[in-house]
Amino acid sequence: MSKKAYLSTMFSLMLKPAGSRCNLHCSYCYYLDKPAGTRMNLLVLEKVISGYAMACDGEELNFIWHGGEPLLMGLDWFRAAVDLERKYAGGRYIFNSIQTNGTLLNSAWAAFIRECNFLVGLSLDGPADIHDRFRRGSASSFDKVMAGLRCLQDAGVQFNTLTTVNSASEGCATEIYSFLKKAGSRHMQFLPVVSEEKAGPWCISAEGYGRFMSDIFDVWVKEDVGRIFVQLFDAALSSWCGLSPGVCTTSRSCAGTIMVDSSGDLYPCDHLATPKWRLGNVLQTPMNELISQSSLRDFGEMKFKTLPVQCRDCEWKPACFGGCPAHRDPVTGINRLCEGYRLFFEHAAPALDRMQAILAAGRAPSEIMNIV
């Protein structure tokens, strides 16, 4: 089977060069229990980049640098990575994004990121008391993150914010949303902290997550459509219009992004980077062969094929398709956030219906603000 039989020729590559290493120790981090392993050396890095360039024959190469904390690799290592990207891209457009906790950002990092046109995803959970509840090192990380954010802004760097929705966030949705807007965020992701392999006091309840997103939606739909972009809202509107939501969590299948760890092992998903789904290693097998094997196809189709009857008969199935498989109960198969998704979709449906009609008429969805 060729790679075109499963993956689009345009796919993204997530790299975790520092493995699970991080200078913070956030209580809820799903990657804390992963072995640290070795840092990605330049031999593995070159194999990964050259292999990706060969396997992906689209017009754009999309590199997503993740962790752990990728900035621990240092500026010189990332300069070498950018040189290798240019070496193997064959003239194609190169897009880099990097997810960081922000505590290591300084003017030198900001200048490099600006020069190489990286998009930054900054982890910021809200005001200090909420941010520091579970996301911390030996002391508060909030001031360091905000100092890093100012370095990005001073250098004119584009950034998104990634905000976990945890038990400290519950009931504080509008406060957090307002804080992020004042901090300069225009693109926001709100990721629920839900039990995967371990539960803890940081986990958000399904109802709490649904109400959190509904509270933000109520402000957004009145004030910020077309000005602030919230990933779940954009994905929901796309689904309402019969389009791909553009995010794996609510897509019909799991596909589109391949993850490679610091040793060169390849996985179809960083949330399910387990021996069962390991595709192989780039030092032993060319990437284009690894992504063409049937196990990758099986992984992508697993999300829909394993939907329980409750999900198959649900009116909101086209909007979530059972959510992330990593969040499903191993016994029932029902997503632990199911009731939260249901609460949010029911709450947002009237406005989304109107926005879909506005778009169908060829007008801007921001018109909804004049209606609600």
For this session: Could you look through segment 213-250, keep only residues that are of a type in the set (Phe, Trp, Tyr) and out of contact with any Phe, Trp or Tyr (no Cβ under 7 Å at 6 or more places or on another chain), and pick out the one that is least open to solvent (accessible area, probe 1.4 Å)?
Result: TRP240
For this session: Mind listing just one residue for me: the one in segment 54-89 that is at pLDDT 95 or above and of a type in the set (Gly, Ala, Ser) and, of those, surrounded by the most Cβ atoms within 10 Å (Cβ to Cβ)?
Result: ALA81
Exercise. Between residues in segment 55-82 that are part of a helix (DSSP H, G or I) and residues that are open to solvent by less than 10 Å² (accessible area, probe 1.4 Å) and of a type in the set (D, E, K, R), which pairs lie under 6 Å by C-beta distance while being six or more apart or on different chains?
Worked result: none
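Yes or no, residue by residue, for (1) closer than 20 Å to ASN166 by Cβ; (2) open to solvent by 10 Å² or more (accessible area, probe 1.4 Å); (3) part of a loop (DSSP other than H, G, I, E, B):
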| site | (1), (2), (3) |
| --- | --- |
| GLU301 | no, yes, no |
| CYS314 | no, yes, yes |
| PRO318 | no, yes, no |
| GLY323 | yes, no, yes |
| ALA326 | yes, yes, no |
| THR332 | no, yes, yes |
| TYR341 | yes, yes, no |
| PHE345 | no, no, no |
| ALA348 | no, no, no |
Problem set entry | Sole exception among (1) of a type outside the set (S, T, N, Q); (2) modelled with pLDDT of 95 or more; (3) open to solvent by 20 Å² or more (accessible area, probe 1.4 Å); (4) in a loop (DSSP other than H, G, I, E, B) for PRO17, by number | (3)
For this session: State whether one or more residues within segment 280-288 are of a type in the set (Gly, Ala, Ser) and under 19 Å from GLY322 (Cβ atoms).
Result: no
Exercise. Has segment 270-283 got at least one residue that is modelled with pLDDT of 95 or more and open to solvent by 40 Å² or more (accessible area, probe 1.4 Å)?
Worked result: yes
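The values are calculated or read from the model by the stated rules, or taken from the named source; none is laboratory data. Everything numeric in this text was worked out from a predicted model, so none of it was measured. Because the Cβ atoms are built from the backbone with ideal geometry, glycine has one as well, and the counts that use them run over all protein chains shown. Accessible surface is based on the protein model in full, side chains and every heavy atom, while ligands, DNA and RNA are left aside. Shrake-Rupley method; radii C 1.70, N 1.55, O 1.52, S 1.80 Å.
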